[in-house]
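Participant: Structure in structure tokens, see below.
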Amino acid sequence: MSTTSWIDAAAVDDLPADDVLGLEVEGRDLALCSVNGEVFVTSNTCTHGQARLCDGFLEGHEIECPLHQGKFDVRTGKATCAPVTEDLRTYPVKIEGGRVYVAIGD
Ligand code: FES
């Protein structure tokens with residue numbers, strides 16, 4: 001049986017509302033996205049090239065890559081707009097005591 005190991009990544013108050021924050025957590029570059037008070041965490045590196053998604057735009061649940069404007073759904077990591085075809089990795093999130101915890105996994 002595996003147990004989830006939660007990493008304290010940030011304070012909820014540090015996340016800009018309806019925007020994205022790029023953060024290194026346990027050596028991973030992550031994008032913390034705040035959408036309507038909910039928090040979603042994905043890899044911060046576009047699957048199409050070496051672009052950091054935190055430098056792009058978050059509109060609703062879609063994040064747009066700053067380099068070629070590919071888009072991903074931050075809830076599922078699904079690639080939603082060309083030229084991206086490979087989905088983003090997403091990470092489980094929980095909010096507790098005003099802190100954002102992320103399960104990094106393997
Ligand atoms: S690097 Fe992100 S769409 Fe090309």
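Participant: What are the residues in segment 28-43 that are in contact (Cβ under 8 Å) with a residue 24 or more places away in the chain, within 10 Å of the chain's Cα centre (by Cα) and open to solvent by 20 Å² or more (accessible area, probe 1.4 Å), if any?
Facilitator: Matches in segment 28-43: V39, F40, S43.
Participant: From (1) touching a strand residue (DSSP E or B) at 6+ places or on another chain (Cβ under 7 Å); (2) surrounded by 14 or more Cβ atoms within 10 Å (Cβ to Cβ); (3) more than 20 Å from S5 (Cα to Cα), pick out the condition that doesn't hold for C46.
Facilitator: (1)
Participant: I would also like to ask the following. I'd like to know if segment 16-27 contains one or more residues that are within 21 Å of D106 (Cβ to Cβ), touching a residue at least 24 places away in the same chain (Cβ under 8 Å) and surrounded by fewer than 16 Cβ atoms within 10 Å (Cβ to Cβ).
Facilitator: Yes.
Participant: Among the residues of segment 81-106, which ones are open to solvent by 70 Å² or more (accessible area, probe 1.4 Å) and more than 10 Å from V41 (Cβ to Cβ)?
Facilitator: Within segment 81-106, A82, T85, E86, D87, I95, E96, G97, R99, D106 meet the criteria.
Participant: When the residues of segment 63-104 are filtered to those that are within 13 Å of the ligand (Cβ to nearest atom) and in a strand (DSSP E or B), which remaining residue is nearest to S34 (Cα to Cα)?
Facilitator: Checked segment 63-104; the qualifying residue nearest to S34 (Cα to Cα) is I63.
Participant: Does segment 49-62 hold any residues that are in contact (Cβ under 8 Å) with a residue 24 or more places away in the chain and either open to solvent by 50 Å² or more (accessible area, probe 1.4 Å) or more than 10 Å from the ligand (Cβ to nearest atom) (or both), and which are they?
Facilitator: Correct list: R52, C54, D55, L58, G60, H61.
The values are calculated or read from the model by the stated rules, or taken from the named source; none is laboratory data. It should be emphasised that the depicted structure is a prediction, and the values quoted were computed from it without experimental measurement. All Cβ positions, glycine included, derive from the backbone under ideal geometry; neighbour counts span all protein chains shown. SASA here: full protein model, heavy atoms, side chains in, ligands and nucleic acids out. Shrake-Rupley method; radii C 1.70, N 1.55, O 1.52, S 1.80 Å.
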